[in-house]
Amino acid sequence: MRLLVAFATAAAAVSLSAPAEAATAVYGFAWADGKGHLRLVPKSATRASKTFYTFKALPKGKELRLDYTRAAYGRVTVACDLVETEGRIAVDAKGLGRTKCGPGDLTDTLARGPQPVRVEYRGGKATRVNEVLISGWGTPRTATGTIKRVNDTTVLFTTGGRTIKLGYTYMTTFYRTTAKCGDGWLAGRPVNAGRNGLGKKQCTWTDLTKALKGNRHPVLVKAGYTPLADSLNEVWEVFGDA
């Protein structure tokens, strides 16, 4: 019995002394992805200056979905509730946002669209999120292809034999060929189609969500997007989609 007790005590001591799992750090653009969660595709990051980073595509970067409900959040603004830096920047020696904020502040930030960040995480949970300033968001592109709904803020865009996952926000513009913004995809006569078949009626991101929900299959569009940020900027409905 004494041997068993001694063995159990030794095992407990080993367990207590075992080092905690090290956090993994990754840079990228964070997107809101459900309550208390963010979606992030890793990017290559280098210091461009004491204040700014440069992001580049990381071809083998695997998308992450992380719970941030208990994460520390460091902002580059001097106050947690500011939308912009307003000319005053708060970064540490590593160029990371140093204004101490909380998960609720991160929720508010993500509601405004994708944010360049450095995230430390263990398993599926973010332990620390720091905003970073970047030297540029990349060059926008325009291409014709198909899009398919993933959820209310994300689509799969296929063009040139490649499929890209793109997020969209309230800043995304949707141009329709239909009479009303709330009509089904290509519903009715193309009263707002130009000679090139592209939609001319300016609508909103919520109209895009509603239109895509009614389609089980990909639909033809012309899209303006920013590859580096995986961001969908504009969508034109195309008359004649088969």
- For region 142-182, name all the residues that are touching a Pro at 6+ places or on another chain (Cβ under 6 Å) and among the basic types (Lys, Arg). 148
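Yes or no, residue by residue, for (1) in contact with a Gly (Cβ under 7 Å, 6 or more places away or on another chain); (2) at pLDDT below 95:
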| residue | (1), (2) |
| --- | --- |
| 146 | no, no |
| 157 | yes, no |
| 198 | no, no |
| 212 | no, no |
| 234 | yes, no |
| 237 | yes, no |
| 241 | no, yes |
- Message: Cβ-Cβ under 8 Å, sequence separation 6+ or interchain: first residue in region 105-128 and closer than 12 Å to residue 68 by Cβ, partner at pLDDT 95 or above and part of a helix (DSSP H, G or I). Which pairs?
- Response: 115/109
- Query: Among the residues of region 137-162, which ones are open to solvent by 80 Å² or more (accessible area, probe 1.4 Å) and among the β-branched types (Val, Ile, Thr)?
  - Reply: 139, 142, 144
- Message: Go through (1) under 24 Å from residue 113 (Cβ atoms); (2) modelled with pLDDT under 95 for residue 166 and report which single condition fails.
- Response: (2)
- Name every residue in region 61-84 that is without any contact (Cβ under 8 Å) to a residue 12 or more places away in the chain and either in contact with a strand residue (DSSP E or B) (Cβ under 9 Å, 6 or more places away or on another chain) or outside the structural domain of residue 32 (by the TED database) (or both), in order of residue number. 82
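Rundown of residues vs (1) open to solvent by less than 50 Å² (accessible area, probe 1.4 Å); (2) in the same structural domain as residue 55 (by the TED database); (3) in contact with a Cys (Cβ under 6 Å, 6 or more places away or on another chain), yes/no style:
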{"position": "173", "(1), (2), (3)": "yes, no, no"}
{"position": "176", "(1), (2), (3)": "yes, no, yes"}
{"position": "188", "(1), (2), (3)": "no, no, no"}
{"position": "205", "(1), (2), (3)": "no, no, no"}
{"position": "209", "(1), (2), (3)": "yes, no, no"}
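The values are calculated or read from the model by the stated rules, or taken from the named source; none is laboratory data. This is a predicted model, so every value here is computed, not measured. For neighbour counting, all protein chains shown are included, and Cβ atoms are generated from backbone atoms with ideal geometry for every residue, glycine included. The protein model used for the area step is the full one, side chains on, heavy atoms only, and it has no ligands, DNA or RNA in it. Shrake-Rupley method; radii C 1.70, N 1.55, O 1.52, S 1.80 Å.
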